[in-house]
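Colleague: Below are the structure tokens for one structure; questions will follow.
The values are calculated or read from the model by the stated rules, or taken from the named source; none is laboratory data. What you are looking at is a predicted structure, and each value in this text was computed from that prediction instead of being measured. For neighbour counting, all protein chains shown are included, and Cβ atoms are generated from backbone atoms with ideal geometry for every residue, glycine included. The accessibility values were calculated without ligands, DNA or RNA, using every heavy atom of the protein model including side chains. Shrake-Rupley method; radii C 1.70, N 1.55, O 1.52, S 1.80 Å.
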Amino acid sequence: MKAPALRLTGSKPADALLSTDALALLIGLVLDQQVTMEKAFTSPYELKQRLGGNLDATALARMDPDELGKLFATPPALHRFPGSMAKRTQALCVQLCDEYDGKADRVWSDAEDGKTLLRRLKALPGFGDQKARITVALLGKQLGVQPTGWREAAGEYGEDGVFRSVADITDDASLQQVRAFKQERKAAARNAG
């Protein structure tokens, strides 16, 4: 069986890292706000390069916060708000060390059901309800992480045949469909307000 391969960035090395490294995926999800999706999900690869090729939750949790902030801010910055996102990334890594022995994949690998997975994701720094549900859908639809009740936990993002979020992006066409959906939602929200 072929290993799952995410296609979120347009960069084969960055997508390969997201597909195989749970920490990279969680960091990308944390960064996926107020920047393009491609920027958010390419940044874990860039961070790994800046760290000398090693992306490790324990090392990031123990790193001097100012040094990590400098890595995020070095041009090209890893995010529009490098300082706050460096802090959020470090907080994520601290929590992964405290609760999952620094192994990011344990957030889902030993979750007994979709409710547990959703609860665990919502407890992570940078994950609200919507991002947690999208992550459950992404894990289930594209990476084969399907504990009992995962679709229910993902809510509308877990439905088949929709194009609502990163969970539904598998190629350029689906990327355009997700972007169109998001634009429609924003327009509807503006018109309702």
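Colleague: If Ala132 satisfies all but one of (1) small (Gly, Ala, Ser); (2) open to solvent by 70 Å² or more (accessible area, probe 1.4 Å); (3) under 21 Å from Thr9 (Cα atoms), what's the number of the condition it fails?
Modeller: (2)
Colleague: Sticking with this structure for a sec: Could you tell me which numbered condition Thr42 fails, if it satisfies all but one of (1) more than 17 Å from the chain's Cα centre (by Cα); (2) modelled with pLDDT of 95 or more; (3) within 30 Å of Gly144 (Cβ to Cβ)?
Modeller: Going through (1) more than 17 Å from the chain's Cα centre (by Cα); (2) modelled with pLDDT of 95 or more; (3) within 30 Å of Gly144 (Cβ to Cβ) one by one, Thr42 breaks only (1).
Colleague: Considering only the stretch 163-179, how many residues are among the hydrophobic types (A, V, I, L, M, F, W, C) and surrounded by fewer than 16 Cβ atoms within 10 Å (Cβ to Cβ)? I'd like the intermediate steps shown before the answer.
Modeller: Pass one, the stretch 163-179, residues among the hydrophobic types (A, V, I, L, M, F, W, C): 163, 166-167, 169, 173, 175, 178.
Now drop any that are not surrounded by fewer than 16 Cβ atoms within 10 Å (Cβ to Cβ), which leaves 173.
Matching residues across the stretch 163-179 total 1.
Colleague: Which residues, taken from the stretch 132-178, are charged (D, E, K, R) and in contact with a helix residue (DSSP H, G or I) (Cβ under 9 Å, 6 or more places away or on another chain)? Write out each step before concluding.
Modeller: Quick first cut of the stretch 132-178, residues charged (D, E, K, R) only: 133, 141, 151-152, 156, 159-160, 164, 168, 171-172.
Result: Arg133, Lys141, Arg151, Glu152, Glu156, Glu159, Asp160, Arg164, Asp168.
Colleague: When you scan the stretch 178-193, how many residues do you find that are among the small types (Gly, Ala, Ser) and within 21 Å of the chain's Cα centre (by Cα)?
Modeller: 1
Colleague: Okay, next question. Within the stretch 104-129, can you find the residues that are open to solvent by 60 Å² or more (accessible area, probe 1.4 Å) and either within 17 Å of Arg164 (Cα to Cα) or not in a helix (DSSP H, G or I) (or both)?
Modeller: Asp105, Asp110, Glu112, Asp129
Colleague: Can you name every residue in the stretch 24-65 that is open to solvent by 10 Å² or more (accessible area, probe 1.4 Å), among the hydrophobic types (A, V, I, L, M, F, W, C) and touching a residue at least 60 places away in the same chain (Cβ under 8 Å)?
Modeller: Answer for the stretch 24-65, where residues must be open to solvent by 10 Å² or more (accessible area, probe 1.4 Å), among the hydrophobic types (A, V, I, L, M, F, W, C) and touching a residue at least 60 places away in the same chain (Cβ under 8 Å): just Met37.
Colleague: Would you check if Leu68 is over 16 Å from the mean Cα position of the chain (by Cα), open to solvent by less than 30 Å² (accessible area, probe 1.4 Å) and under 18 Å from Gly126 (Cα atoms)?
Modeller: Working: over 16 Å from the mean Cα position of the chain (by Cα): yes; open to solvent by less than 30 Å² (accessible area, probe 1.4 Å): yes; under 18 Å from Gly126 (Cα atoms): yes.
When the stated conditions are applied, Leu68 passes them.
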